[in-house]
Amino acid sequence: MNNSNDPLHGVKLEQILIELEKKIGWEKMGELLNIRCFTNKARLKSSLKFLRTTPWARSRVEILYLKTFCNKHKETGKLIRAILAQNAGVAETTSTEPAPFVWPTPKKK
């Protein structure tokens with residue numbers, strides 16, 4: 001995707017959190033996203049630390065930012081779908097579910 005069309009291009013995570021906090025507040029972000037770092041003693045520094053190390057939570061925050069501030073941008077829908085597809089791909093490769101059992105086939109002599 002061309003970065004000039006990306007509404008998140010050049011926007012830092014800190015700036016995203018500051019703008020969301022001003023617009024909707026920590027409590028509402030915690031309700032909407034179901035992320036405890038926003039509901040339990042929410043602070044900018046601790047939230048940044050958590051979101052930088054937790055990709056699924058960061059993607060939720062980015063999607064909320066896009067829906068809140070960039071909903072009129074023509075590339076927003078594509079970007080949200082790309083973030084969701086990326087998360088689905090990561091979830092599939094990091095699944096803790098064991099592989100299904102397959103009976104071994106006897107070798108022919």
Please go through segment 21-62 and give me each residue that is among the acidic types (Asp, Glu) and more than 20 Å from Ala88 (Cα to Cα), ordered by number.
Glu21, Glu27, Glu31
What is the one condition in (1) open to solvent by 90 Å² or more (accessible area, probe 1.4 Å); (2) touching a residue at least 40 places away in the same chain (Cβ under 8 Å) that Tyr65 does not satisfy?
(1)
Filter segment 22-45 down to the residues that are open to solvent by less than 80 Å² (accessible area, probe 1.4 Å), out of contact with any Ser or Thr (no Cβ under 7 Å at 6 or more places or on another chain) and more than 25 Å from Ala82 (Cβ to Cβ) and list them by number.
Gly25, Trp26, Ala42, Leu44
Quick one: which helices (runs of 4 or more DSSP H) lie wholly within segment 24-75 and hold at least 2 residues that are touching a strand residue (DSSP E or B) at 6+ places or on another chain (Cβ under 9 Å)?
none
Can you tell me which residue within segment 3-46, out of those that are modelled with pLDDT under 90 and among the hydroxyl-bearing types (Ser, Thr, Tyr), is farthest from Val61 (Cα to Cα)?
Ser4
Is there a residue in segment 76-90 that is without any contact (Cβ under 8 Å) to a residue 24 or more places away in the chain, open to solvent by 50 Å² or more (accessible area, probe 1.4 Å), of a type outside the set (Gly, Ala, Ser) and not in a helix (DSSP H, G or I)?
no
In segment 46-62, what residues are open to solvent by less than 100 Å² (accessible area, probe 1.4 Å) and under 21 Å from Ala82 (Cβ atoms)?
Leu51, Thr54, Pro55, Ala57, Arg58, Ser59, Arg60, Val61, Glu62
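The values are calculated or read from the model by the stated rules, or taken from the named source; none is laboratory data. Because the structure is a prediction, the values reported are computed rather than measured. No Cβ is skipped: glycine too gets one built from the backbone with ideal geometry, and neighbour counts run over all protein chains shown. SASA here: full protein model, heavy atoms, side chains in, ligands and nucleic acids out. Shrake-Rupley method; radii C 1.70, N 1.55, O 1.52, S 1.80 Å.
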